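Student: Please read through the structure below; I'll follow up with questions.
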C-alpha cells in the first residue's frame, strides 16, 4: 500500500534551513491499522501530510498503490486525495450550515458524481456509521461524537484505499473516543487501511501497530 524510502522534508525560514523529516523509511501493507506517535515537533504531522498528499517531500520516494507520487503534478495529487484517500480531523471540519447528508456528499461533488448517486451513497455510509436517523441534522444539532461520525462517513464516501485520521479523538470525551475508535476497528475489519496520528497511548493501543517518530526519524 505505502512504501517510503529516504523521505526528507526541509523548510526554509529566511536564510535558515530547518530539517523536519531526516530520512523516513516506511512500509504499510494493505489492510493494516497503524498509529503514528511522537512528541510535538517530532515530525509526525509533517509525515502525515506527505502520506496524505497535502505536502511534498524535499527528497526521497513515496509510492502509494504502486504509483510513485513524487513524480505527480499538483492536479494528479489532488485526484489521488479525492479518489484514494479519506481524511478525518480533530475538529471535524464540517460545513456548519449543511446537513449531515450534504457534508458527506461534498467529496462526490468534486468527483463529478451525479446527484442521485451522491445522495444514495451518502445515505449508505451514514447508515454504516450509525447515523441513519440524523441525515437531515446540521452539525449544531449533533453531539461531538456524532459530528466525528459524519466526518468519518465523509472520509468513506468515495471508497478510499486509505483513511488518515489526525488526532480524531482529541475533541471528544473518553466514552465517545472509545466509540469512535470502535468504529475505526470495524472499518479496518472490512480491510480498509487506517493510519491514525495521536499523542494518546490508550488510543494508539487500539491500532495493530504503532510507529514512533522522534526528531524526524522513525525510532522503532
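The values are calculated or read from the model by the stated rules, or taken from the named source; none is laboratory data. Because the structure is a prediction, the values reported are computed rather than measured. Neighbour counts run over all protein chains shown; Cβ positions are idealised from the backbone, glycine included.
Student: Out of curiosity, is residue 151 under 14 Å from residue 102 (Cα atoms), in contact (Cβ under 8 Å) with a residue 60 or more places away in the chain and buried (at least 19 other Cβ atoms within 10 Å of the Cβ)?
Tutor: So residue 151 passes the test.
Student: Also: For region 59-103, what are the residues that are crowded, with 19+ Cβ neighbours inside 10 Å, over 15 Å from the mean Cα position of the chain (by Cα) and closer than 22 Å to residue 170 by Cβ?
Tutor: Within region 59-103, 100, 103 qualify.
Student: Sticking with this one: Quick check: anything in region 204-217 more than 19 Å from residue 37 (Cα to Cα), out of contact with any helix residue (DSSP H, G or I) (no Cβ under 6 Å at 6 or more places or on another chain) and surrounded by fewer than 19 Cβ atoms within 10 Å (Cβ to Cβ)?
Tutor: The first filter runs over region 204-217 and keeps only residues more than 19 Å from residue 37 (Cα to Cα), leaving none.
Looking for residues that are more than 19 Å from residue 37 (Cα to Cα), out of contact with any helix residue (DSSP H, G or I) (no Cβ under 6 Å at 6 or more places or on another chain) and surrounded by fewer than 19 Cβ atoms within 10 Å (Cβ to Cβ), one finds none in region 204-217, hence no.
Student: For the condition at pLDDT 95 or above and under 22 Å from the mean Cα position of the chain (by Cα), what is the one hit in 106, 156, 126? Talk me through it step by step, then tell me what you get.
Tutor: On the way: 106 fails: at pLDDT 95 or above; 156 fails: at pLDDT 95 or above.
After ruling out the rest, the residue left standing is 126.
Student: For region 157-213, what are the residues that are outside any strand (DSSP E or B) and closer than 16 Å to residue 51 by Cβ?
Tutor: 160, 161, 167, 168, 192, 198, 207
Student: Looking at 22, 9, can you tell me which residue is in contact with a helix residue (DSSP H, G or I) (Cβ under 9 Å, 6 or more places away or on another chain) and either surrounded by fewer than 20 Cβ atoms within 10 Å (Cβ to Cβ) or assigned to a strand (DSSP E or B) (or both)?
Tutor: 9 is the lone residue from the list that is in contact with a helix residue (DSSP H, G or I) (Cβ under 9 Å, 6 or more places away or on another chain) and either surrounded by fewer than 20 Cβ atoms within 10 Å (Cβ to Cβ) or assigned to a strand (DSSP E or B) (or both).
Student: Sticking with this one: Among the residues of region 87-128, write down those that are outside any helix (DSSP H, G or I), without any contact (Cβ under 8 Å) to a residue 60 or more places away in the chain and closer than 14 Å to residue 159 by Cα.
Tutor: Selection gives 111, 113.
Student: As an exercise: evaluate residue 36 against (1) touching a strand residue (DSSP E or B) at 6+ places or on another chain (Cβ under 9 Å); (2) over 25 Å from residue 186 (Cα atoms); (3) not in a loop (DSSP other than H, G, I, E, B) and give the number of the one condition it does not meet.
Tutor: (2)
Student: A follow-up question, please. Taking region 170-203 on its own, how many of its residues are at pLDDT 90 or above, surrounded by fewer than 20 Cβ atoms within 10 Å (Cβ to Cβ) and under 19 Å from residue 43 (Cβ atoms)?
Tutor: 1
Student: Moving to a separate point now. Within region 42-71, work out how many residues are out of contact with any strand residue (DSSP E or B) (no Cβ under 8 Å at 6 or more places or on another chain), under 22 Å from residue 207 (Cβ atoms) and without any contact (Cβ under 8 Å) to a residue 60 or more places away in the chain.
Tutor: So the answer is 2.
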